[in-house]
1. Regarding the range A:24-32, can at least one residue be identified that is more than 7 Å from every other protein chain (Cβ to nearest Cβ), modelled with pLDDT under 95, more than 10 Å from the chain's Cα centre (by Cα) and on the phi > 0 side of the Ramachandran plot?
2. Do you know which of the residues in the range B:48-79 that are at pLDDT 90 or above, outside any loop (DSSP other than H, G, I, E, B) and of a type in the set (Val, Ile, Thr) is nearest to residue B:304 (Cα to Cα)?
3. Only one of (1) touching a Gly at 6+ places or on another chain (Cβ under 8 Å); (2) more than 9 Å from chain B (Cβ to nearest Cβ); (3) in a loop (DSSP other than H, G, I, E, B) is not met by residue A:55, so which one is it?
4. Do you know which residues across the range B:212-234 are farther than 20 Å from residue B:286 by Cβ and surrounded by fewer than 24 Cβ atoms within 10 Å (Cβ to Cβ)?
5. Going through the range B:282-317 one residue at a time, which ones are assigned to a loop (DSSP other than H, G, I, E, B), of a type outside the set (Val, Ile, Thr), surrounded by 24 or more Cβ atoms within 10 Å (Cβ to Cβ) and under 8 Å from the mean Cα position of the chain (by Cα)?
6. Taking the range B:139-162, which residues are within 14 Å of another protein chain (Cβ to nearest Cβ) and surrounded by 20 or more Cβ atoms within 10 Å (Cβ to Cβ)?
7. For residue A:47, which of the numbered conditions (1) facing chain B (nearest Cβ under 8 Å); (2) without any contact (Cβ under 8 Å) to a residue 12 or more places away in the chain; (3) surrounded by fewer than 24 Cβ atoms within 10 Å (Cβ to Cβ) fails to hold?
8. Those residues that are farther than 15 Å from residue B:103 by Cβ, surrounded by 23 or more Cβ atoms within 10 Å (Cβ to Cβ) and small (Gly, Ala, Ser), I need them from the range B:1-45; list them, please.
Amino acid sequence: MGKPKANVDKKKCLACGGCISVCPQDAISWIGNKAEVNPEKCISCAICIRTCPIGAISGEGY
Amino acid sequence: MKYDVVIIGSGPAGSVTARFAADGEAKVLVIERRAEVGVPILCGEGISRKIDEWKIIEGKRWIAGRMDGARIYSPDKTCVTLGAEQAGDETGYVVYRDIFDQELARNAIKAGATFMMNTQAIGLIKEGDKIKGVRAKRFDGELKIEADIVVGADGVESKIGQWAGIDTRLDPKDLETCAQYTLTNIDVKDAYCDFYLGKEIAPGGYVWVFPKGKNIANVGIGILASLSEAGRAKKLLDDFIAKDPRMKNSSPIRFLAGAVPVANPVETVRDNLILIGDAARHVDPITGGGLTHCLEGGKIAGEVIAKAVKAKNFSQGFLSEYETRWKEAFGQKIKRNYLVKELMLDMDDKTFNKLANALKDVKFEEISTHSLVKEVAKHLPISAKLNALIKYRKEIKEIKKK
């Protein structure tokens, strides 16, 4: 198992779009008006995790 | 489905563009991924009084309260005041952004634009390299919307630019990550907007208190994403509120998150494509304010689009009139304030305290970042001035290279 990939808690996400704008891999998109990470594109850089103002994104093993 | 122009996003930039394009007889469609224009709100809701001069929005329903001036507090709470007494007029408004956005949308629809809600752009329609419209998802179905011009008004998280080959990804040092409560039963007495600076309070940003009326205010925070940790913005905001005696008996009626680009603008024009608003990074990098640019830029974009439709010319060359005109209107200001932002990041709390102390009795003639920056420049320590000069020269060199 590699480094943990970012995962958005959709119950917490307030849809500000910050994570989408800073993702260097363009790996995050709106799915049902919440941010969602595509684990195949995610490179585990954790930029989105640190950016989220409310802590709705965490690292998760796949 | 074929339109002259399809606009992605029904925020102020999208709606104003739609209105002026439709005024010029273009057939306009606006698509919005959300179920309601302006909801959820993602904004501190302050706007300059310049809006009155533009006559872009009617009535008063969108105004929550008058803004009489601004107070900027340095880390040691030295206060610099930019007041209406000096400016001789009110300085702006705190608005209800949901109503504000909906009024702008109504004006666009009155001018002839069509809006489609719950409709999310998922890609561009291309023939070879040529952009021919957007693919969109609506409920469970997919639809193709053909258009001669695609306008990306899709916010800080814009994908339209990316799909067209414009790199709109933001460096974390160019994004403010934000959280905001609307607090009621808060002890605010006047119509001044307060700003609090400091590395401990809001690293790379500020805390704001924007009164929306008697005993109600938006209390929010923006911190630089490069200085953020998971959930740090909210935590710092909660700390601020816990310590402020005015907020002791307050309670929130709304909580929201936000993200504001504080970057240099990107390329905004390609063949058959325009970017606008937050998607184009049309935000003042010092204040994080972008509403007035959306209105000004939207008007320019709408007018240029209408011309393009009449001339049946959708080339980058023809549409570049939009880029030339927004650069004249506010592009220089954004570039200059970006340099100032970079400079401010290098300053420590002690420097901010010193500056505030030097400026605390200054009577500002105008309430703008420009007049503030001019005064700050007079009092900057030599080291900071040198820094600015070096950065400025580097910037000029880069521009010359291009």
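The values are calculated or read from the model by the stated rules, or taken from the named source; none is laboratory data. What you see is a predicted model; the values in this text were computed from it and never measured. Note that each Cβ is placed from the backbone with ideal geometry, even for glycine, and that neighbours are counted across all protein chains shown.
1. Yes, the range A:24-32 contains at least one residue that is more than 7 Å from every other protein chain (Cβ to nearest Cβ), modelled with pLDDT under 95, more than 10 Å from the chain's Cα centre (by Cα) and on the phi > 0 side of the Ramachandran plot.
2. B:63
3. Evaluating residue A:55 over (1) touching a Gly at 6+ places or on another chain (Cβ under 8 Å); (2) more than 9 Å from chain B (Cβ to nearest Cβ); (3) in a loop (DSSP other than H, G, I, E, B) leaves (2) as the failure.
4. B:212, B:213, B:214, B:215, B:216, B:229, B:230, B:231, B:232, B:234
5. B:282, B:290
6. Result: B:152, B:153, B:154, B:155, B:156, B:157, B:158, B:159, B:160, B:161.
7. (2)
8. Within the range B:1-45, B:9, B:21, B:22, B:26, B:44 qualify.
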